[in-house]
Amino acid sequence: MIFTRLVMVLAILWLAGCADESEPPGQAGTGSGTLSERAGQARMHLQLGQYAEAIVVCQAELEADSTLAEFLNLMATAYAEDGRYAPAIEALERIVELGSGSVLTYVNLGGINTKLGNFDAAEKHLLHAAALAPAHPEMRRRLAEVYLATNRFGEATQQLERALQLYPEDATLYYYLGRSLEGAGEEAKALDAYEEAMALDIGFAPVCYRAAAIARRIGEPDKAAVAMARYQHLQQVGGGDPDAVKQLRKLWDSILEAPEEAIHHFRLGMFFSQHGYMDEALSKFEKVARLSPRDADMLNQVAGSLVEHKRSDEALAFYRRALQADPDHLQALINIGSMLSVRQLHEEALGHLQRATELVPDEGRGWYCLGMAQINAGRQQEARQSMQRALDTEPPARLRERLTQLLASLPAGE
């Protein structure tokens, strides 16, 4: 029977026509809009690594009103990410002069001055941040970086232990704690910290190397072997291609610089996924979900990557997370609806897909996926109507051809 065959190929059709086609995080269309929308546009550029474009957006707003602290902060972030530290500091100091300095302003001033080796200035700004918000884990980590750079290991350890009380599941904090303890000569404790970091993040290449080295030094050959095997496994990413290994290090450097930013974990997760390191990718994706549980775009992108690698259970979980963040996220509705239809969970699938067509009735892909789900549920007449609605939206040629073929196969209405 033609419908049996259609049901059997539903998964193939879904992957070809309904797979994740959403934009990368933050790539929604933007216009001149309100100040809030313009700030969102600047953030979009930052997430995509388009620092010059972010600066242009901020400068345009600041030309009209030089006291806009939000745009000064966004511009400072763009300059800093682009390695242009002097104008970044200038923008942040302007915020302080305006009396609009937040904890983040002082934390960023501390971080940039640390990069420049201005440790006294960095400590001053970070202690100011500590006075404003003692329970700020990023501030504690950056203070620890200052103390590590100036060989004040006891103070660094103290800051990191306080940060871990606030944020106990952060692998980077354990990594820095290990470095601090190692600097203080407490190598056994340092190895414990490194092992905690490896347990929390199986793709943490820098910590694996340090753990292996210190384990050898203190006479723990078994632990050294485990850590080195993990490190060597990670160095084989891309078949050991030097460019891939270099990219891995670069991505990890970004995380170590700002482990609080979900986008860095997202990028590393996508890198691991691209190279088939799916366990490591999932470790990063779970971190993304913890850091940005309300970023539906990013969560939907994660799910799409998991679909591509046939990790359907994990993909389904991330689609659900995306819809928890935004119940009307069009791409997530279409994608989860199609996936549930393949799993024969018809009512839930149809509910999501019908919602998608209600939200954007001129989106042909939504109607097509709804029609396929209706075929799978044995609702051929409803499917015919949906396919016709999809055709009426003037879809791309490839989808139009498929719709025409399907309509020819479906029974005409009575």
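No lab work stands behind these numbers, since they all come straight from the coordinates. All values derive from a computational prediction rather than experimental measurement. Cβ atoms come from the backbone with ideal geometry, glycine included; neighbour counts cover every protein chain shown.
Observations on the structure shown:
- Net lengthening on full extension, E347/A188 (0.36 nm per residue, minus Cα-Cα): 51.6 nm
- Theoretical FRET efficiency, 1/(1+(r/R0)^6), r = Cβ-Cβ of A397 and K246, R0 35 Å, to 0.05: 0.30
- Low-density loop positions, trypsin sites (Lys or Arg not before Pro), segment 315-407 - DSSP coil, at most 15 other Cβ in 10 Å: R343
- Between segment 46-80 and segment 189-220, the C-alpha centres lie 39 angstrom from each other.
- Compared with the dominant Cα axis of the chain, that is its longest principal axis, helix 397-409 is turned about 40°.
- Mean-position separation - Cα centroids, segment 81-109 and segment 138-153, in angstrom: 19
- Calculated on alpha-carbon atoms, Rg and Dmax of the chain in Å: 25.4, 84
- Degrees, to the nearest 10: 296-308 long Cα axis against longest axis of the chain: 70
- Nearest 10 degrees, 0 to 90: helix 346-359 Cα axis against the chain principal axis: 80
- Summing charges over all other residues whose Cβ lies under 10 Å from the Cβ of G178, with Lys and Arg as +1 and Asp and Glu as -1, gives -3.
- Computed from label points 7 Å out along Cα-Cβ, the spacing between L166 and E81 is 2.3 nm.
- Relative contact order for the chain, counting Cα pairs under 8 Å that sit 6 or more residues apart, in percent: 10
- For segment 338-364, backbone nitrogen atoms closer than 18 Å to the point 7 Å from E382 Cα along Cα-to-C-beta are found at 338-361.
- Whole-angstrom gap from segment 351-395 to segment 232-264, using each part's C-alpha centre: 41
- For the peptides 64-70, 54-60, 245-251, the ranking by mean Cβ contacts within 10 Å, running from highest to lowest, is 54-60, 245-251, 64-70.
- Cβ-Cβ FRET estimate between E63 and K124, R0 fixed at 35 Å, reported to 0.05: 0.65
- Neighbour net charge for F119 - beta-carbon separation under 10 angstrom, K R +1, D E -1: -1
- Point-to-point label distance, A131-E37, nm (Cα→Cβ direction, 7 Å offset): 4.1
- Rounded to the nearest 500, the helix-only mean residue ellipticity at 222 nm of the chain stands at -24000 deg cm²/dmol, with each DSSP H run of n ≥ 4 adding -39,500 (n - 2.57).
- Compared with the direct C-alpha span, the chain from D253 to T150 gains 35.1 nm at full extension, assuming 0.36 nm per residue.
- For segment 386-393, 3J(HN,Hα) per residue [Karplus equation, 6.51 cos²θ - 1.76 cosθ + 1.60, θ = phi - 60°, Hz, x = Gly/Pro]: 5, 5, 5, 4, 5, 4, 5, 7
- Each other residue within a Cβ distance under 10 Å of L35 adds +1 if Lys or Arg and -1 if Asp or Glu, for a net charge of -3.
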